[in-house]
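The values are calculated or read from the model by the stated rules, or taken from the named source; none is laboratory data. Keep in mind that what you see is a predicted model, and the values were worked out from it rather than measured. Methodologically, a virtual Cβ is constructed for each residue, glycine included, from the backbone with ideal geometry; neighbour enumeration extends over all protein chains shown. For accessibility, only protein heavy atoms count, side chains too; no ligands or nucleic acids. Shrake-Rupley method; radii C 1.70, N 1.55, O 1.52, S 1.80 Å.
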Amino acid sequence: MAKLDDILDLDRIRTGVSAVGKKRVLEEISQLLAKGTGDSSADDILASLAGREKLGSTGLGHGVAIPHGRIAGVSHAVGAFMRLRHPVEYAAHDGNPVDLVFGLLVPRQSTDEHLQILSRLAENFADEAFCRQVREAPDAPALLTLLTA
């Protein structure tokens, strides 16, 4: 199984992102994910993430969302992370707005790896102390250390 430090790079972590809604959040995370895929366009990634959102919100609750999708042409899982300047309405299961967003792309044929990564992310972000540390981390390098520990 891929470890988080295998799928997340410093150049795909952003803090202080201003987004005015869920659609803009998905557009921004698609841009970041595209940096890790080689040939996939941000538009194709956005279509995959938006298609997944139509099945049900990827807002976990506690201010966290994990938009994810499958895409052809990607050979390995790719992650990206954004900490928003202001929480946005995201149709999360608990009704709370979202300010922590971890985007995940996996190859179209991937099944188990995808679910294992999502499970680990959901477990990490369900921990209130972990979320507090992520919200208080001073910069992207500190976030990378936290997210991949």
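Some points to look at:
- Picking from residues in the stretch 84-109 that are in contact with a Lys or Arg (Cβ under 7 Å, 6 or more places away or on another chain) and of a type in the set (D, E, K, R), the one that is modelled with the lowest pLDDT is Arg108.
- Neighbours by Cβ (under 9 Å, 6+ apart or cross-chain): first from the stretch 3-14, over 17 Å from Ile29 (Cα atoms); second open to solvent by 20 Å² or more (accessible area, probe 1.4 Å) and not charged (D, E, K, R): Lys3/Thr148; Asp5/Leu144; Asp5/Thr148; Asp5/Ala149; Asp6/His76; Asp6/Thr148
- Scanning the stretch 116-142 for residues that are closer than 21 Å to Ala77 by Cβ, part of a helix (DSSP H, G or I) and open to solvent by less than 70 Å² (accessible area, probe 1.4 Å) turns up Ile117, Leu118, Ser119, Arg120, Leu121, Ala122, Asn124, Phe125, Phe130, Val134, Ala140.
- Listed here are the strands (runs of 3 or more DSSP E) enclosed by the stretch 21-90 that have at least 1 residues being open to solvent by less than 20 Å² (accessible area, probe 1.4 Å) and farther than 13 Å from Leu104 by Cβ: 59-61, 78-88.
- Residue in the stretch 5-20 that is nearest to Leu146 (Cα to Cα), counting only those that are open to solvent by 70 Å² or more (accessible area, probe 1.4 Å) and of a type in the set (A, V, I, L, M, F, W, C): Leu10
- In the stretch 49-83, residue modelled with the highest pLDDT [restricted to those that are of a type in the set (Lys, Arg) and touching a strand residue (DSSP E or B) at 6+ places or on another chain (Cβ under 8 Å)]: Arg83
- Number of the exception - Leu26 against (1) modelled with pLDDT of 95 or more; (2) within 25 Å of Ala149 (Cα to Cα): (2)
- Any hit, the stretch 94-106, residues being touching a residue at least 40 places away in the same chain (Cβ under 8 Å) and open to solvent by 10 Å² or more (accessible area, probe 1.4 Å): no
- Conditions (1) within 14 Å of Thr15 (Cβ to Cβ); (2) within 16 Å of the chain's Cα centre (by Cα); number of the one not met by Gly79: (1)
- So Glu128, is it of a type outside the set (Gly, Ala, Ser), touching a residue at least 24 places away in the same chain (Cβ under 8 Å) and more than 16 Å from Ile13 (Cβ to Cβ): yes
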